[in-house]
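Colleague: Let me begin by handing over the structure; questions about it come next.
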């Protein structure tokens, strides 16, 4: 599992341990379905989002399954506890014009050159944040116009790198040595201290540039991935290709972008169809 996943699961199990502390249970075998239901309700009362509760229950199912394999429990008390339903929502995306505005950073300062390369590659190849920060210099082949990515479940995929992203990354590689400070690292993107650029740092830099450009301060890196998928689907209509590029194991995950695509079509319809325009005037 990814390091972030391990940390999240550890936090989830620790949260259950804190909740059960007042029960004075003799050990894990005494935990039953009632306790897990009560824990889920407690999480809900504390304002935890349904997706977070869902993840906690998933972590607990896996933990108790491990205890069963180790002959420390006989049954899994989390199996019959249903996960909360997730509210239907669509990922927020940027328009093509907004993406272009964000990527057209001006300046030749090393941080500007680096950040431009980060965001160009993000949008060009539809990477996850952890995938981008995990890249090494050996993973990208600008001659072939491709990048090798290690995705969820350690699944490797190779995705294209667009022309503008290739130019931006080439410029960055030319000044990358200025960040290293006499220390070597295989990381593609590095911080001012010469270390691998963290996911938090990328989030902060994207927000920084959004604010600088007068855009919404809530712009975050994953919006570039969502925008990549949406814009590609709007242009091609090829859901399978988008699935492969995003590294989704299940096409059902990718299908959320078909709803976004329908919203795009609905906007065009409202702007273009004579009856749609008439209906809008009638409402006013």
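Colleague: Of all residues being over 22 Å from the mean Cα position of the chain (by Cα) and surrounded by 14 or more Cβ atoms within 10 Å (Cβ to Cβ) in the range 45-64, which is farthest from residue 5 (Cα to Cα)? Just the residue, please.
Modeller: The extreme case among them is 64.
Colleague: Select from the range 139-156 the residues that are free of Cβ contacts under 8 Å to residues at least 24 places away in the same chain and either in a strand (DSSP E or B) or touching a strand residue (DSSP E or B) at 6+ places or on another chain (Cβ under 8 Å) (or both) and list them in ascending order.
Modeller: Across the range 139-156, the qualifying residues are 141, 145, 146, 148, 150, 156.
Colleague: Please verify whether the range 128-138 includes one or more residues that are out of contact with any helix residue (DSSP H, G or I) (no Cβ under 6 Å at 6 or more places or on another chain), assigned to a loop (DSSP other than H, G, I, E, B), in the same structural domain as residue 206 (by TED's automatic domain parsing) and under 30 Å from residue 14 (Cβ atoms).
Modeller: yes
Colleague: Can you name the residue in the range 103-127 that is surrounded by 20 or more Cβ atoms within 10 Å (Cβ to Cβ) and in a loop (DSSP other than H, G, I, E, B) and, of all such residues, is modelled with the highest pLDDT?
Modeller: Once the filter is applied, the top-ranked residue is 127.
Colleague: Ok, one more. Mind listing just one residue for me: the one in the range 206-238 that is more than 10 Å from residue 93 (Cα to Cα), in contact with a helix residue (DSSP H, G or I) (Cβ under 6 Å, 6 or more places away or on another chain) and assigned to a helix (DSSP H, G or I) and, of those, modelled with the highest pLDDT?
Modeller: Ranking the qualifying residues of the range 206-238, first place goes to 206.
The values are calculated or read from the model by the stated rules, or taken from the named source; none is laboratory data. As the structure is a prediction and not an experimental result, all values here were calculated from the model. Methodologically, a virtual Cβ is constructed for each residue, glycine included, from the backbone with ideal geometry; neighbour enumeration extends over all protein chains shown.
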